[in-house]
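Here is the structure we will look at.
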Amino acid sequence: MSWHYEAPLASMRRVMEQVLNAPAHWAECPAFAELDMDTADAVLQEAARFASEVLQPLNGTGDLAGCTRAADGAVQTPPGFPAAYQAFVQGGWPALPCDPAWGGQGLPLLLDAAMREMLDACNHGWNMYPDLLHGAYETLKHHGSDELKARYLHKIASGEWLAAMALTEPQAGSDLGQLRTRAESQADGSLRVSGNKIFISGGDHDLTDNIVHLVLCRLPDAPPGTKGLSLALVPKVLPDGSRNAVHCDGIEKKMGIKASATCAMRYEGATGWLVGEPHRGLAAMFLMMNSARLHVGLQGLGHQEMAAQNAQRYAEERAQMGRPIAQHPAVRRSLQRLRTYTEAQRVLAYRAALALDLADHHRDDAVRTRERRFAALLTPVVKAFCTHHGFHGPAEALGIWGGYGYVHEYGIEQTVRDARIAMIYEGTNQIQAIDLAQRKLLADGGAAAGELLASLQAEVGDAPALNALLGEARSLLPRWLARGAGDTAFVLETADDLLHGLAFALLAWAVARLDAAGEAHTAVFAREGVPEGLMHWWRLRDALEL
Ligand SMILES: Cc1cc2nc3c(=O)[nH]c(=O)nc-3n(C[C@H](O)[C@H](O)[C@H](O)COP(=O)(O)OP(=O)(O)OC[C@H]3O[C@@H](n4cnc5c(N)ncnc54)[C@H](O)[C@@H]3O)c2cc1C
């Protein structure tokens, strides 16, 4: 009855091949034209082996050991973490979705997403270290100077050096406009960066010789607020091999992901270089943040999968009142709900990854534009919704173990603690809801959302419960937009319900597509997800005084 992981490879394949028709989409992308589902499957099988055989055994031990500091202050990750990271690099995994021109394997983000789901399910704390690599790679590839790219991009793509994303300061979390870290231009074109950052994941560690910090800071002539932020690349080790003035002042003791070093960083006149335009740092950083937001959504998905499969196994073996607890209706209902929600969110998260692939690589301009809009729309939904359920799903599942669920060695207790942070970092879930409402819906008058919902409803067929949810979304969204256009307070008050209402409407489509591919989730979703989704739309009706 031990806690373990069996990668949901059949489900992943079904979602990619039958639900999303990924191979047909790849054929329309010159970069992926050679890729077929069998090759993709082989990649996923290897990733599954790495996750379940190398990472999962380190999860509980890493949680207990946590990160420590050596006498000289150097941060040490838990035993086994450095070796696992070397195996990850040698396997070529960091480079999976990177451009072959920079040493990457040129595979779709969709496969990368499935790999990350498995890494997160098996060891969220460990995966915090490489999780930021791809975002750093994208930021540098699109905004870095040729010189910076030549010096850093290969090393980041290969994973030889890891990256950190340094935004947060004690007085500035959600409100980045309050950031104070300063940068001064030097005669040789470099910057001197000074300031204190907190909560920096992987700010220091012993997995790689160098760490590339991407630091949000202000130049002397910067206007106030977020429009005055610049982005600097500040390495731990300088190109001449000397140590930069980048110091870790402490590591946080925290509720979960204890194996991830969450660092207080001090940049004390550290040497760095500008990435992108002066004062346009946030726009450059958004590339990194968007990639990271999808990854955080995948953390929520991974935790749900881990909880769902272990709860199912436990409930089939544990007998009370003369039969396995899986047969007691209340437990059966919990298990069904968790399984259906997990499968449907896999469709949603993978659809977002596919949108990113098509936005970059599809041969047709119009498709690229459409998918870019869908990706922008889906990113905050996946981040907030999958992490909300990534915590609440396992928290409910914990009860299936009864008292044992509360005990460390059974595994689910750690999952619940680890999963909670994903609702907070990379922009809290409230901030995601505001981003969706203001930047993604109001900004284009709901055009992208309307197009997406219409295309999805056409695929749902005549399942009345599913259509009720999609129909409510399509009917209320224009009214919400009309009211929201002139009433910011209304937008901010209703943003959370809007995000969750929309997410449940998208899940209705996902469930219909899964069932068309041979699964049977509609009945459970009609019982659990439809009322839950409609509750958000009812609250919106109330706010709209309808
Ligand atoms: C383990 C961990 C790892 C982290 N890793 C990193 C990292 O690698 N790099 C990095 O830069 N940062 C990192 N962070 C910081 C994280 O991104 C911030 O904690 C987060 O963005 C919230 O900021 P805050 O803590 O200052 O909370 P606040 O911004 O003070 O927010 C507090 C509460 O107020 C709400 N709130 C704030 N403003 C609004 C608003 N306008 N509307 C509605 N609600 C609002 C929030 O949703 C939240 O509920 C990490 C944090 C932790 C704990």
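Every number in this text was worked out from the coordinates using simple rules, so none of it is lab data. The structure displayed is predicted, hence computed values, not measured ones. Here Cβ is always computed from backbone atoms with ideal geometry, including for glycine, and neighbour counts include all displayed protein chains.
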Taking the Cα centre of the chain as origin, sum charge times position over the Cβ atoms of Lys and Arg (+1) and Asp and Glu (-1), and report the length of that vector in debye to the nearest 20. 940 debye
Can you give the local net charge around Gly62? Use residues other than it whose beta-carbon is closer than 14 angstrom to its beta-carbon, Lys and Arg +1, Asp and Glu -1. -1
I want to check the label-to-label distance for Asp146 and Ala83. Put each point 7 Å from Cα in the C-beta direction and report it in nm to one decimal. 4.5 nm
Compute log10 of I(q)/I(0) for the range 429-543 with the Debye formula, placing one identical point scatterer on every Cα and leaving out solvent, at q = 0.17, 0.21, 0.24 Å⁻¹, to two decimals. -0.77, -1.10, -1.33
With r defined as the distance between the Cβ atoms of Ser174 and Ser455 and R0 fixed at 45 Å, what FRET efficiency is calculated, to the nearest 0.05? 0.85
Cα-based Rg and Dmax for the chain, in Å, come out at 22.9, 79
Sorted peptide list for 189-199, 318-328, criterion being average Cβ within 10 angstrom, highest first: 189-199, 318-328
The rounded separation in angstrom of the Cα centers of the range 7-57 and the range 484-546 is 29 Å
Test of understanding: extend the Cα→C-beta vector of Glu28 to 7 Å, then name every residue of the range 433-462 with backbone N under 19 Å from that spot. 448-460
The range 179-238 to the range 112-146: how many Å between their Cα centroids? 20 Å
Per-residue ellipticity at 222 nm for the chain, helices alone: DSSP H runs ≥ 4 residues times -39500 (n - 2.57), over residue total, nearest 500 deg cm²/dmol? -18000 deg cm²/dmol
Pairs of lysines 8 or more apart, or on different chains, with alpha carbons under 18 Å: count those in the chain, would you? 8
What residues from the range 109-125 fall in the zone where the backbone N is under 13 Å from a label point 7 Å along the Cα-to-C-beta line of Gln45? none
Could I have the simple spin-label model distance between Asp542 and Tyr406, label points 7 Å from Cα toward Cβ, reported in nm to one decimal? 3.3 nm
So how much slack lies between Glu317 and Asn196, counting 0.36 nm per residue of separation and subtracting their Cα-Cα distance, in nm? 38.4 nm
Theoretical FRET efficiency, 1/(1+(r/R0)^6), r = Cβ-Cβ of Asp249 and Met535, R0 51 Å, to 0.05: 0.65
Suppose R0 equals 22 Å. What FRET efficiency, 1/(1 + (r/R0)^6) with r the Cβ-Cβ distance, do Asp240 and Asp206 give to the nearest 0.05? 0.50
Need one number: nm distance between label points at Lys227 and Glu53, each 7 Å from Cα along Cα→Cβ, rounded to one decimal. 5.6 nm
Let me understand the range 488-542 better: what is its radius of gyration from the alpha carbons, and its Dmax, in angstrom? 13.2, 45
